[in-house]
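This report concerns only the one structure given below.
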Amino acid sequence: MSDTQRHPFLHGLSKHRGAPPTVVIIFGASGDLTARKLIPAVYNLSHDNLLPADFYLVGYGRKPIPDDEFRGLAADAIKEFSRRELKPEIWDRVAAHTTYVAGGYDDRAAFDRLAAHIDALEKKLGRDVQRLFYISTPPSVFAPILLNLGASGLAAKHLGLPHHSKVIIEKPFGKDLVSARELNVTIRSVFEEHQVYRIDHYLGKETVQDLLVQRFANAIFEPLWNRNFIDSVQITVAEEVGVGTRGGYYEQSGCLRDMIQNHTMQLLALTAMEPPGSLHAEAIRDEKVKVLNAIQPLTIGPAGDVARAQYAAGMIGGKAVPGYLEEEGIAAQSNTETYAALRLSINNWRWQGVPFYLRSGKRMARRVSEIAINFRRPPGTLFAGETARFDLAANTLSFQIQPDEGLSLILNTKVPGLETRTQPVKMSFRYATTFGSNTAEAYERLVLDAMIGDGTLFIRGDEAEASWKLCTPVLDYWRSVGRTGMDTYAAGGWGPPSADALLAKQNHCWRQP
Ligand code: NDP
Ligand code: BG6
């Protein structure tokens with residue numbers, strides 16, 4: 001039984017925000033993600049009074065770091081990366097309960113020391129606290145950490161609290177279907193599924209959560225949300241940044257593994273799933289798995305459903321930037337794609353015949369993530385011929401995930417004047433205008449949800465496998481053909497010609513968000 005089934009008041013999008021006394025243990029606490037996202041998330045939760053009064057933070061890593069030094073590093077991280085500036089009176093509360101344990105990830109004795117450290121915290125406090133383990137290390141040590149959590153008894157459930165131990169696991173969740181299945185087996189040998197939180201930070205983004213509200217809290221969309229009215233769907237996650245200093249990781253990953261298999265597939269699942277029976281985590285995840293499993297296997301190879309490319313040198317923000325093959329740590333003949341596009345067909349009653357186009361790339365014209373729902377064109381009879389000077393545009397509803405989060409709808413409108421001329425106009429809603437701009441970051445929401453025990457915005461094991469099932473044959477094919485078919489695009493552009501060709505086959509073209 002899941003946490004949310006046991007605690008119905010915790011479920012769904014509106015929930016009681018009281019987290020039980022908790023110790024968060026971060027593995028990989030000296031790392032980049034901890035500094036840029038996790039510590040600032042803890043700080044901002046504290047700022048918003050969303051941490052339990054008895055909250056403890058324990059950093060864990062191989063490098064010995066004295067407690068004081070770790071607190072100093074954490075304070076520096078907040079100063080550099082938090083959306084709010086560090087206020088001593090808020091940080092001091094957290095810092096007073098922040099400690100560090102040094103140890104290897106495959107060192108059983110070190111896990112016993114960690115267990116003793118947590119026992120000592122509890123003893124001092126005089127009560128048990130929930131243990132939330134956050135695995136923020138490179139994936140090579142996910143399995144040893146999980147196995148040591150099991151062997152040391154740290155993963156065990158306690159009698160006092162319903163789910164005493166939980167684990168958040170960072171991405172990438174495996175590198176293909178086989179490794180994702182193996183990781184699931186390892187996890188389940190130690191934790192029960194309801195204790196496991198596989199993170200995809202896109203699910204914590206405000207607009208992604210709003211997608212469910214827009215779809216199911218407004219009566220006007222759902223009747224149109226099907227093959228009778230929708231012509232195609234485009235999901236874009238474009239980044240301006242290049243591979244930067246992450247060449248070592250990225251060469252092993254590439255865009256399909258880094259962005260498509262997880263972030264864009266999750267966006268697709270939320271867009272295309274059937275209405276869930278409730279807002280319980282399991283009800284939503286069941287629907288996501290169903291729709292992921294209804295996607296037809298991709299046709300791979302020349303003229304198939306997939307395009308890949310690497311960025312070539314170009315201009316970003318008026319500055320010349322190098323091509324992928326010239327970046328530091330990248331093999332001269334690298335076979336790693338920095339851009340991928342997919343054309344997907346969902347074989348069910350609602351979506352048959354509606355192409356879903358997914359694309360993501362680094363070094364694109366601008367940073368923008370959106371889901372665009374393109375409706376069928378209206379019959380042109382009334383405004384065709386002599387009275388119309390322009391073709392009618394298709395209505396497009398777009399969810400802008402970032403930046404400038406919002407929602408817009410393109411409508412055809414009469415241009416004022418004595419002639420009947422139509423022109424597409426955009427009706428827009430912007431979160432910042434209505435609600436202010438300093439909203440919570442995805443990691444704040446997700447860390448809090450895990451503390452509370454709500455898995456709605458996390459990926460279940462079978463979802464991860466369903467998505468890998470679709471992507472793995474593509475990766476196998478690309479590996480088998482080397483660089484054959486690898487397209488290029490100029491940095492600062494909107495992607496390669498082969499991705500345009502994917503859409504041209506059905507008389508579509510990519511939107512310029
Ligand atoms: P880092 O490379 O910064 O590694 C985190 C920590 O893990 C290091 O500080 C180090 O700590 C330990 N570590 C590093 N390399 C190894 C190794 N080969 N073997 C064992 N331990 C090692 O990773 P990030 O913080 O960037 O990422 C952590 C996780 O989060 C990864 O799974 C990544 O894919 C994921 N992620 C990261 C994002 C980011 O923006 N950074 C974004 C989304 C996901 P010590 O030496 O003290 O043990
Ligand atoms: C991460 C990828 O998951 O998402 C990165 O590993 C990418 O390569 C990042 O840059 C993008 O996240 P966001 O929130 O900045 O869109």
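The values are calculated or read from the model by the stated rules, or taken from the named source; none is laboratory data. All figures in this text were calculated on a predicted structure; none of them were measured in a lab. Counting neighbours? That spans all protein chains shown, and the Cβs are built from the backbone with ideal geometry, glycine included.
At a glance:
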item	result
Residue in region 344-366 that is of a type in the set (Lys, Arg), within 16 Å of ligand 1 (Cβ to nearest atom), touching a Pro at 6+ places or on another chain (Cβ under 7 Å) and assigned to a loop (DSSP other than H, G, I, E, B) present	no
Helices (runs of 4 or more DSSP H) (entirely within region 96-197) containing at least 1 residues that are of a type in the set (Lys, Arg)	108-125, 177-190
Residue within region 432-453 that is surrounded by 22 or more Cβ atoms within 10 Å (Cβ to Cβ), in a loop (DSSP other than H, G, I, E, B) and more than 16 Å from ligand 2 (Cβ to nearest atom) present	yes
Positions within region 332-370 being more than 14 Å from ligand 2 (Cβ to nearest atom) and among the β-branched types (Val, Ile, Thr), in sequence order	ILE346, VAL354
Subset of region 231-278 [among the aliphatic types (A, V, I, L, M) and either out of contact with any strand residue (DSSP E or B) (no Cβ under 8 Å at 6 or more places or on another chain) or surrounded by fewer than 19 Cβ atoms within 10 Å (Cβ to Cβ) (or both)]	VAL241, VAL243, ALA269, LEU270, MET273
Options GLN266, GLN261: the member that is within 16 Å of ligand 1 (Cβ to nearest atom) and touching a Cys at 6+ places or on another chain (Cβ under 7 Å)	GLN261
Residues located in region 324-354, provided they are among the hydrophobic types (A, V, I, L, M, F, W, C) and in contact with a strand residue (DSSP E or B) (Cβ under 6 Å, 6 or more places away or on another chain)	ALA340, ALA341, LEU342, LEU344, ILE346, VAL354
Extreme residue, farthest from ligand 1 (Cβ to nearest atom), among residues of region 120-133 that are touching a strand residue (DSSP E or B) at 6+ places or on another chain (Cβ under 6 Å), more than 16 Å from ASP106 (Cα to Cα) and not charged (D, E, K, R)	VAL129
Condition broken by GLY406, with the remaining ones in (1) within 18 Å of VAL368 (Cα to Cα); (2) modelled with pLDDT of 95 or more satisfied	(2)
Selection count, region 401-423, where residues are out of contact with any Asp or Glu (no Cβ under 7 Å at 6 or more places or on another chain), closer than 21 Å to GLN512 by Cα and among the aliphatic types (A, V, I, L, M)	4
In region 421-447, the residues that are basic (Lys, Arg) and over 15 Å from the mean Cα position of the chain (by Cα)	ARG421, LYS426, ARG430
Residue match in region 372-394 (condition: surrounded by 21 or more Cβ atoms within 10 Å (Cβ to Cβ), basic (Lys, Arg) and either in a loop (DSSP other than H, G, I, E, B) or in contact (Cβ under 8 Å) with a residue 60 or more places away in the chain (or both))	no
Filter result for THR299 (closer than 15 Å to GLY244 by Cα and either acidic (Asp, Glu) or at pLDDT 95 or above (or both))	no
Residue in region 137-150 that is more than 22 Å from ASN262 (Cα to Cα), modelled with pLDDT under 95, more than 16 Å from ligand 2 (Cβ to nearest atom) and crowded, with 22+ Cβ neighbours inside 10 Å present	no
Lone unmet requirement of (1) modelled with pLDDT of 95 or more; (2) hydrophobic (A, V, I, L, M, F, W, C); (3) in contact with an Asp or Glu (Cβ under 9 Å, 6 or more places away or on another chain) for ALA440	(1)
Members of region 43-85 that are hydrophobic (A, V, I, L, M, F, W, C), under 27 Å from the mean Cα position of the chain (by Cα) and part of a loop (DSSP other than H, G, I, E, B)	LEU50, LEU51
Odd one out for ALA120 among (1) over 30 Å from GLN252 (Cα atoms); (2) surrounded by 16 or more Cβ atoms within 10 Å (Cβ to Cβ)	(2)
Test: ARG430 is away from ligand 1 (no atom under 16 Å from the Cβ) and in contact with a Phe, Trp or Tyr (Cβ under 7 Å, 6 or more places away or on another chain)	no
